[in-house]
Amino acid sequence: MIETSALTVHVSSLPSGSLFLWGSRENGGIWDALDLKNMLFAWHRASFYGTFMEPSEWQNREGIELQPLEALDYFSDPQPVQHLQLSWHQDSADFIRLAPAVREALATGSFMPDYEKWKAGEMGWKLQLPEELQSLESPAVSRWIHALIPEWVDADGIMKDNLRKLEAAYPLMRRGEIAADLWLDEEDWLVAIGWRQDRSPMRTCLQLAEPDLAHGAGWQ
């Protein structure tokens, strides 16, 4: 039987940073997850037209869970079926507006670890978005971005080694085993972890040589 009732698509943010898609009907009912998958991913090539999408459940709702990278790909260009009356709830419409700009920022390297959060022992990232979209950065969006960036870096491969250095340092910073004032500023920290290159032509250094007691020489 062909489904004909109107569909409103919602998105919820999971604690892991993944996004949960679910649909509501005009009468307030929840769409079956399998039907929802067929409606939303019918033209989505990356998931083999929904074949790789598994129905899930969150807070007593059936739906589809998207990992952060999957969500970026889908919301950058959603192509649901056209024979159904479908609308995007405001929460999902915001992700559709944001996703292309987030993809562009990641592709151009317009992101970095959040120095202040890492000093406080928290994992965090800063992403440069167009000014007109910054108002859309809700807690749900921030949670998604913080989970998305490590996935992107790991998949992209170029900054993968630097990500591993960050992950190795994180437990030490969190336990206070690395002093918060070890680096002069954010730029010094980004250079130290290899996130940015040190473009200074030279460094000023001081070397102390121990006294040569046999010849009566002091510190040099």
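The values are calculated or read from the model by the stated rules, or taken from the named source; none is laboratory data. The shown structure was predicted, so the numbers you read here are calculated from the model rather than taken from an experiment. Quick reminder, even Gly has a Cβ in these numbers, built from the backbone with ideal geometry, and neighbours come from all protein chains shown. Heads up: the accessible areas ignore ligands, DNA and RNA and are worked out on the full protein's heavy atoms, side chains in. Shrake-Rupley method; radii C 1.70, N 1.55, O 1.52, S 1.80 Å.
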| query | If you check every pair at least six apart or on different chains, which have Cβ atoms under 8 Å apart with a residue in region 49-70 that is on the phi > 0 side of the Ramachandran plot first and a residue that is at pLDDT below 90 and open to solvent by 80 Å² or more (accessible area, probe 1.4 Å) second? | reply | TYR49/TRP43
| query | Just for region 76-103: of the residues that are touching a Phe, Trp or Tyr at 6+ places or on another chain (Cβ under 7 Å) and in contact (Cβ under 8 Å) with a residue 24 or more places away in the chain, which one is nearest to SER47 (Cα to Cα)? | reply | GLN79
| If you go through region 73-120 one residue at a time, how many are under 30 Å from ASP35 (Cα atoms) and of a type outside the set (Gly, Ala, Ser)? | 25
| If we scan region 22-43, do we find a residue that is surrounded by 14 or more Cβ atoms within 10 Å (Cβ to Cβ), of a type in the set (Gly, Ala, Ser) and assigned to a loop (DSSP other than H, G, I, E, B)? | yes
| Limited to region 67-90, what total is found for residues that are open to solvent by less than 50 Å² (accessible area, probe 1.4 Å) and not in a strand (DSSP E or B)? | 10
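A quick yes/no check of all residues on (1) in a loop (DSSP other than H, G, I, E, B); (2) touching a Leu at 6+ places or on another chain (Cβ under 6 Å); (3) over 21 Å from SER76 (Cβ atoms):
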position	(1), (2), (3)
ARG97	no, no, no
GLU104	no, no, no
LYS117	no, no, yes
GLU122	yes, no, yes
| task | Please work out if ARG25 is over 23 Å from ALA99 (Cα atoms) and not β-branched (Val, Ile, Thr). | result | yes
| Which condition does GLU62 not pass, out of (1) closer than 21 Å to ILE149 by Cα; (2) in a strand (DSSP E or B), if it passes all the others? | (1)
| said: I'd like the full set of residues that are open to solvent by less than 20 Å² (accessible area, probe 1.4 Å) and either small (Gly, Ala, Ser) or under 23 Å from ASP91 (Cα atoms) (or both), limited to region 126-164. | reply: LEU129, LEU133, VAL141, TRP144, ILE145, LEU148, ILE149
| When region 45-66 is examined, which residues are found to be among the small types (Gly, Ala, Ser), surrounded by 14 or more Cβ atoms within 10 Å (Cβ to Cβ) and in contact with an Asp or Glu (Cβ under 8 Å, 6 or more places away or on another chain)? | SER47, SER56, GLY63
| task | Under 7 Å between Cβ atoms, at least 6 apart or on separate chains: pull out the pairs that start in region 104-120 with a residue that is touching a residue at least 60 places away in the same chain (Cβ under 8 Å) and within 14 Å of ASP185 (Cβ to Cβ) and end on any residue that is open to solvent by 70 Å² or more (accessible area, probe 1.4 Å) and not aliphatic (A, V, I, L, M). | result | MET112/LYS126
